[in-house]
1. How long is the gain from Leu249 to Ile264 if the chain were fully straight, where each residue apart is worth 0.36 nm and the alpha carbon distance is subtracted?
2. Which order do the peptides 193-205, 120-132 take when ranked by the mean count of other beta-carbon atoms within 10 Å per residue, highest first?
3. Only counting other Cβ atoms within 10 Å, I'd like Ser28, Ser84 sorted with the fewest neighbours first.
4. Working out 0.36 nm times the residue gap between Ser80 and His191, then minus their Cα-Cα distance, what length gain in nm do you get to one decimal?
5. Would you list Ser237, Ser77, Ser165 from fewest to most Cβ contacts within 10 Å?
6. Using the Karplus equation 6.51 cos²θ - 1.76 cosθ + 1.60 (θ = phi - 60°), what ³J(HN,Hα) coupling, rounded to whole Hz, does each residue of the stretch 170-180 give in order, writing x for Gly and Pro?
7. May I ask you to derive the FRET efficiency for Lys13 and Asn233 from their Cβ-Cβ distance with R0 = 22 Å, giving the value to the nearest 0.05?
8. Give the aspartates and glutamates reachable from Lys257 as a straight Cα distance under 18 Å; neighbours fewer than 8 places away on the same chain don't count.
Amino acid sequence: MYDFKCISEYREKLSSEAILVKKFIENSEDGDCIQLPELTEVFTDFQNKLWEENPNIFLKEPLITTVFDQSERKYPSRASMLNSCPKAILISYVDGTLSNNVPKDNMRNKNAANMGTMLHEILQRYFSFFGLVEKENNKYLLEYPIVDDELCITGHCDFIGNFKSLYDIDCKFIGEIKTTGSYKNPYSGEHTHKIDRIIKQAHPEYEHLAQANFYMYELDLDFELFYYIDRGNTYLSTFFLYKKDKNFLKKIIKKLKYVKKYFINEKLPKPKSKSKKRCQYCNYLTICSDVDTFDDIRALVHE
């Protein structure tokens with residue numbers, strides 16, 4: 001942890017919220033969640049101060065981090081796709097490039113993804129300087145790799161953290177950064193920031209809970225700290241602390257075993273109904289009905 005004087009000041013500002021966090025850690029039930037507005041405010045202030053006082057800190061203080069090589073993916077399931085259809089998971093594994101030909105605004109999607117990646121890297125450094133990221137053998141636990149050979153799934157969480165330095169609570173957690181954008185309201189024509197809705201609902205997005213519960217299951221931790229931030233306006237952000245949901249986990253494990261069965265036989269399951277919202281926005285919608293085996297996908301790639 002970097003020894004900035006403001007860290008001790010922030011601990012004082014967070015003293016009242018620390019009481020709430022401690023009660024939540026001790027008494028929360030599966031699937032419970034609390035929003036952390038004071039931590040959000042303090043972290044935003046910290047970023048501003050760090051940038052003003054140490055504009056070259058990212059150059060002067062490179063981080064020693066864990067690195068997860070995405071090219072080593074050997075299993076069909078990725079934690080980030082746990083909310084996807086089993087067939088989409090398997091198609092993506094055989095050849096993810098097929099999705100590039102589907103969305104009409106693919107370049108915009110790619111740019112948004114790249115922006116999200118860059119913001120992740122910057123924020124991971126801020127979190128490390130802020131004292132939230134754990135260290136092991138002089139390495140910050142960033143992009144922490146997760147591989148489950150039994151369930152045939154790989155993944156990597158953004159970081160493993162601890163509340164000890166800020167809340168004076170020795171509690172490890174999974175840290176996940178979720179970047180959001182804006183969308184145009186078809187009725188008013190105004191652009192709405194997705195994060196405004198997330199802050200108002202005071203709960204992480206449902207689509208992110210499967211990934212969160214899987215990470216906690218694999219690393220034997222009970223809590224995940226979500227940080228949502230708008231890509232276009234980084235002052236729009238919020239923290240959530242979420243408790244692992246064991247019933248949700250049972251559904252995830254059942255799904256992974258289902259995917260594994262088809263993976264071993266190099267076949268594809270039947271898709272979900274196309275009336276489902278998930279199917280309407282799937283990258284593989286236009287080829288889904290044409291492929292039933294891994295060889296069918298490979299044939300499309302070489303057309």
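Only the coordinates and a few stated rules stand behind these numbers; no lab work does. None of the values given here were measured: they were computed from a predicted structure. Cβ placement follows ideal geometry from the backbone for every residue including glycine, while neighbour counts extend to all protein chains displayed.
1. Taking Leu249 through Ile264 to full extension adds about 3.1 nm, to one decimal.
2. Packing proxy ranking, top to bottom: 120-132, 193-205.
3. Result, fewest neighbours first: Ser28, Ser84.
4. Gain in length upon complete extension: 37.3 nm.
5. By the 10 Å Cβ count, ascending: Ser165, Ser237, Ser77.
6. With coefficients 6.51, -1.76 and 1.60, one gets 7, 9, 7, 7, 7, x, 10, 9, 10, 8, 10 Hz.
7. According to the calculation, E is roughly 0.40.
8. Asp148, Asp149, Glu150, Glu218, Glu266
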